[in-house]
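The values are calculated or read from the model by the stated rules, or taken from the named source; none is laboratory data. All values reported here derive from a predicted model rather than from experimental measurement. Cβ placement follows ideal geometry from the backbone for every residue including glycine, while neighbour counts extend to all protein chains displayed. Heads up: the accessible areas ignore ligands, DNA and RNA and are worked out on the full protein's heavy atoms, side chains in. Shrake-Rupley method; radii C 1.70, N 1.55, O 1.52, S 1.80 Å.
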Amino acid sequence: MLETSQHNNYTVAKLLIKEANLDVADQFKTEMLQLVDKGNSQIVVSFENVVYVDSSFLGALVSVLKYAMSKGGDIAVAQLNKDISNLFSLIRMNKVFKVYNTVPDVFA
Amino acid sequence: MFLHKNKLSSATHIEREFLFSNDSKVMYSLLNEIISFIKIHFPSEIYEDKISNCKQALIELLTNAVKHSNTNTSSISVIIEDQKIELVKLDKGRPFYLEHYTDWPPISWPLSKQYIGEKIKIYNDDFSLLHAVIQNENRIAFELEEFPIESVNLDTNLMEHYGLMILTKVSDQFYYVRDSSSNTNIFHVTINI
């Protein structure tokens with residue numbers, strides 16, 4: 001469900017799904033943990049194709065962040081639609097994850 | 001003339017029920033159907049943020065049905081009144097429970113009268129504390145306390161369960177009722193407009 005590409009100092013993991021929900025949360029977590037284990041510790045997750053996010057997926061995202069941080073890395077999110085962006089602000093996920101409007105030049 | 005008009009508008013009450021097969025595959029189409037219905041009554045862009053909150057509340061109510069209700073039907077009623085939108089999820093499945101809950105007070109429905117007014121701690125981390133207040137033997141209301149925190153590091157305690165927290169945060173009132181006589185579970189979200 002992820003399409004990955006290398007940028008300057010980080011990896012972009014683009015979600016290829018529309019609905020980021022309970023059906024795909026476990027698989028997302030597994031694929032992300034594998035990416036981190038392969039040495040991709042700085043990852044920007046692109047939500048360009050995603051129309052909504054549910055709490056299960058959010059839980060998986062937080063779980064991945066904790067794992068990445070334990071390996072000295074970090075997870076950011078990019079290209080959230082307006083509803084998802086509202087949700088991130090409302091529950092302060094924007095303090096947990098760096099949020100980029102577009103895929104950034106440098107992960108900083 | 002104006003008085004008459006006001007009187008009419010203060011009596012606004014529109015209600016529609018949507019059935020859900022508790023199948024995540026149809027969640028998105030049902031979500032769009034319900035949001036389209038709400039938008040008929042709140043078409044203006046000034047309601048955009050409120051509609052966004054309704055959307056997220058619906059996503060969580062539907063997800064909750066798929067994950068926890070242990071039955072294959074639920075219904076979502078949308079009730080529109082002058083200044084508020086109510087989203088009510090009903091099912092006849094498993095009553096509200098907390099996994100691995102061993103804390104006090106004990107949860108079994110109907111709740112014992114002696115616990116009315118007590119708070120059940122549901123989740124907490126360095127960002128917030130979610131608890132349910134026992135309002136009567138059949139009803140708990142969810143309340144969120146938030147702590148000031150601006151960033152996270154390796155030592156930050158972060159929970160991974162956000163469903164009830166999101167529902168509490170997007171709504172102006174959020175409670176659960178267990179109707180034991182009809183074996184019905186009711187999650188009730190109110191969003192003020």
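Quick notes
- Contact surface A-B: accessible area buried, both sides summed, square angstrom, 1.4 angstrom probe: 2800 Å²
- Trypsin sites (Lys or Arg not before Pro) lying in DSSP loop within segment B:30-134, provided at most 16 other Cβ fall within 10 Å: B:LYS92
- Distance histogram in 10 Å bins (all Cα pairs of chain B, percent per bin): 8, 31, 34, 20, 6, 1, 0
- FRET efficiency for the B:VAL26 to B:GLN173 pair, using the beta carbon distance and R₀ = 35 Å, is estimated at 0.80.
- Percent RCO, i.e. relative contact order, over chain A, from Cα pairs under 8 Å lying at least 6 residues apart: 29 percent
- Portion, in percent, of the accessible area of the protein assembly as shown that falls on carbon or sulfur, probe 1.4 Å: 48 percent
- Scaled radius of gyration (Cα, divided by 2.2 N^0.38 Å) that segment B:79-178 gives: 1.21
- Virtual spin-label span in nm between A:HIS7 and B:HIS13, 7 Å along Cα→Cβ: 5.3 nm
- Listed by chain and number, the aspartates and glutamates whose alpha-carbon sits under 20 Å from that of B:LYS25, ignoring those within fewer than 8 places in the same chain, are A:GLU19, A:ASP23, A:ASP26, A:ASP54, B:GLU17, B:GLU33, B:GLU60, B:ASP91.
- Just so you know, the averaged projected area of the alpha carbon convex hull for segment A:2-100 sits at 5.5 nm².
- Taking amide hydrogens as placed 1.01 Å from N in the peptide plane, the amide H of A:ALA76 sits under 5 Å from those of A:ILE43, A:VAL44, A:VAL45, each at least 5 positions away in sequence or on another chain.
- Pairs from A:LYS66/B:LYS84; A:LYS29/B:LYS89; B:LYS39/B:LYS169; A:LYS82/B:LYS84 whose Cα-Cα separation, in the structure shown, is over 27 Å: A:LYS66/B:LYS84; A:LYS29/B:LYS89
- Debye intensity ratio in log₁₀ form over the Cα atoms of the protein assembly as shown, taken at each q of 0.07, 0.11, 0.15 Å⁻¹: -0.30, -0.72, -1.23
- Accessible area of B:GLU45 in the full protein assembly, 1.4 Å probe (Å², nearest 10): 150 Å²
- Charge tally around B:LEU130: other residues with Cβ under 14 Å, Lys/Arg +1 each, Asp/Glu -1 each, net -4.
- Put a dot 7 Å past the Cα of B:GLN135, heading toward its Cβ, do the same for B:LEU158, and the two dots end up 3.3 nm apart.
- Distance between modelled label sites at A:GLN34 and B:SER112, nm, 7 Å Cα→Cβ extension: 5.0 nm
- Computed about the Cα centre, the dipole magnitude for the protein assembly as shown is approximately 360 debye when only Lys and Arg (+1) and Asp and Glu (-1) carry charge, each at its Cβ.
- In Hz, Karplus ³J(HN,Hα) per residue of segment B:105-122 (6.51, -1.76, 1.60; θ = phi - 60°; x = Gly, Pro): x, x, 10, 8, 8, x, 6, 5, 3, 5, 9, 4, x, 6, 10, 9, 6, 9
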